[in-house]
Amino acid sequence: MPVVNLPPHAIFHELGQPVVVNGLQIQASGFSSLEKPEKVTEWFRSQLGTPLSQRALGRRMVLGRLINGYYVTVQIEATAPGTKGLIGISNLESAARERPQYENYRREFSDRLPKDSRIINHISSNDSGRSASQWLYTNSYGVQANEIHIVEMFKREGLAMQYRNVIDEKGGSVILQFGSKGREVSASILPAADKATSVYIISTLFDNKKP
């Protein structure tokens with residue numbers, strides 16, 4: 001795995017275990033520096049070498065380069081009194097090998113959703129005896145129809161609804177909480193653009209064998 005050296009006097013921030021974003025595993029770490037963003041950006045340009053992808057996203061500058069089968073990104077952003085940033089390293093060769101298995105996993109989840117649902121994003125992580133999976137999807141069904149579907153879906157998996165809160169009486173946005181031994185699930189259902197509905201699900205498994 002490539003090593004990306006930080007600028008002199010920058011502070012390293014550990015961000016835990018790798019996360020998987022839509023099938024791509026990313027090892028992320030953070031940093032902060034008292035230097036100005038322009039100087040930090042020049043440092044990382046020299047560290048990463050060429051060819052180098054560069055693009056501005058709002059207040060952030062994002063650098064990216066493919067190095068020996070790994071894709072390295074550095075996000076740099078101004079902050080008081082200096083700079084903060086995020087470094088991500090992804091193994092593209094490993095992701096390509098594991099892609100069919102991930103696609104099957106994604107398809108299995110999609111098959112449990114209403115027919116016209118479209119998965120927008122999926123993030124999974126494992127850390128300290130806890131495994132979390134986050135799904136964001138949209139469909140053309142209303143908030144109420146999606147709520148009924150989600151309650152039935154998790155009921156079949158043995159999860160009882162423990163909490164329900166309407167967070168927007170006018171728009172109908174709802175937060176649901178489910179639980180069983182060793183597992184917790186939250187679902188946020190809210191209206192989206194073009195008469196669609198967005199659903200954000202976080203499912204967490206706990207390893208009860210660990211302290």
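The values are calculated or read from the model by the stated rules, or taken from the named source; none is laboratory data. Computed from a predicted model, the values in this text were never measured in an experiment. Virtual Cβ from ideal backbone geometry, glycine too; neighbours counted across all protein chains shown. Please note that ligands, DNA and RNA were not included when accessible areas were found on the heavy atoms of the full protein model with its side chains. Shrake-Rupley method; radii C 1.70, N 1.55, O 1.52, S 1.80 Å.
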Arg156 to Leu136: extension gain in nm, 0.36 nm per residue of separation minus the Cα-Cα distance? 5.1 nm
At a 1.4 Å probe, what is the % contribution of carbon and sulfur to the accessible area of region 45-135? 46
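Per residue of the chain, what 222 nm ellipticity follows from adding -39500 (n - 2.57) for every DSSP H run with n ≥ 4, rounded to the nearest 500?
Values: 3 runs with 45 residues, N = 211.
Estimated from H runs of four or more residues: -7000 deg cm²/dmol.
Using a 1.4 angstrom probe on the protein heavy atoms only, could you order Met1, Met153 from most to least accessible area?
Values: Met1 135, Met153 5 Å².
Correct descending sequence by accessible area is Met1, Met153.
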Surface accessible to a 1.4 Å probe, Ile202 within the full protein complex, Å²: 50
Student exercise: in the chain, how many lysine pairs 8 or more apart or on different chains have Cα atoms under 27 Å apart? 11
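Accessible area of region 141-180 with a 1.4 Å probe: how many percent of it is carbon plus sulfur? Don't skip to the answer; put the middle values down first.
Values: 1240 of 2450 Å².
Roughly 51 percent of what the probe reaches on region 141-180 is carbon or sulfur.
Given a Förster radius of 22 Å and the C-beta distance between Thr79 and Ser128 as r, what FRET efficiency does 1/(1 + (r/R0)^6) yield to the nearest 0.05?
Result of the calculation: an efficiency of 0.20.
Suppose all protein chains stay in the model; what accessible area per residue would a 1.4 Å probe give for the chain, in Å²?
Working: 12890 Å² over 211 residues.
Accessible area per residue: 61 Å².
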